[in-house]
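J.: This is the structure, below, for whatever I ask next.
Please treat every number below as a calculation from the coordinates, not as lab data. Nothing here was measured: the structure is a model prediction, and the numbers come from that model. Here the Cβ positions follow ideal geometry from the backbone for every residue, glycine too, while neighbour counts run over all protein chains shown.
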Amino acid sequence: DAGITQSPRHKVTETGTPVTLRCHQTENHRYMYWYRQDPGHGLRLIHYSYGVKDTDKGEVSDGYSVSRSKTEDFLLTLESATSSQTSVYFCAISDTGLSSGANVLTFGAGSRLTVL
Amino acid sequence: DAKTTQPPSMDCAEGRAANLPCNHSTISGNEYVYWYRQIHSQGPQYIIHGLKNNETNEMASLIITEDRKSSTLILPHATLRDTAVYYCIVRGTGNQFYFGTGTSLTVIP
């Protein structure tokens, strides 16, 4: 999907274990985002990044941390996974390149995480 | 940050126009309205965006009211492949995009 790759695509883990999801882009876009999607809640923003080492919290950031040491990679870490973090996680990227001033999000294919 | 309100579901007959409404009464002057759709479990797909004027592209048209407090996405000739969840989004401060629960559109043969 337009140079954005998420890994792993599927993961099953146990409660209390650490989990890291990776988002890799080849578009050199400035902004990167992590969303989670759950039935009845749509997509909710977890964290986002506006540059290397620049990150900020979204609406559901508790229990998650992120890191961005390179433009192309944005990592989402669950330090100690819980069953409530079972979800589908989507990474997205955007840039400020549109002449209109608008930004367009491009999404990855998603990572399905199950915490038992 | 401006938030949006959409009906949870709609039906549309195949070949007819699908008109999906969105309310964004707290939108501020420089905030764009974006529409995305999500088919099954795929990642959301960008459709169209606008600021003040009506917009049209190969996928859809976007009609924004003069006071900018609401908008309508129009799919001119809906097909079965347009069955999806449609999200109306207003970008918040700091370049954050907040999605709601969207409208589940079912195109009926």
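J.: To one decimal place, what orientation-averaged projected area in nm² is obtained for the convex hull of the Cα set of region B:34-109?
T.: Average of the hull's projected areas for region B:34-109 equals 5.6 nm².
J.: Give the list, by residue number, of cysteines in chain B with no other Cys Cβ closer than 4.7 Å, or say none.
T.: Cysteines of chain B left without a disulfide-compatible partner: B:12.
J.: Hey, another quick one. Computed FRET efficiency, Cβ-Cβ of residue B:69 and residue A:102, R0 25 Å: what is it to the nearest 0.05?
T.: 0.85
J.: Enumerate the amide H contacts of residue B:48 below 5 Å, restricted to partners 5 or more residues apart or on another chain; note that Pro and chain-start residues carry no placed amide H.
T.: B:35
J.: In what sequence do A:32, B:10 fall when counting other Cβ within 10 Å, fewest first?
T.: With the sparsest Cβ surroundings first, the list reads B:10, A:32.
J.: Tell me, what is the FRET efficiency for residue A:116 and residue B:5 to the nearest 0.05, using R0 = 35 angstrom and their Cβ-Cβ distance as r?
T.: Using R0 = 35 Å, I get an efficiency of 0.45.
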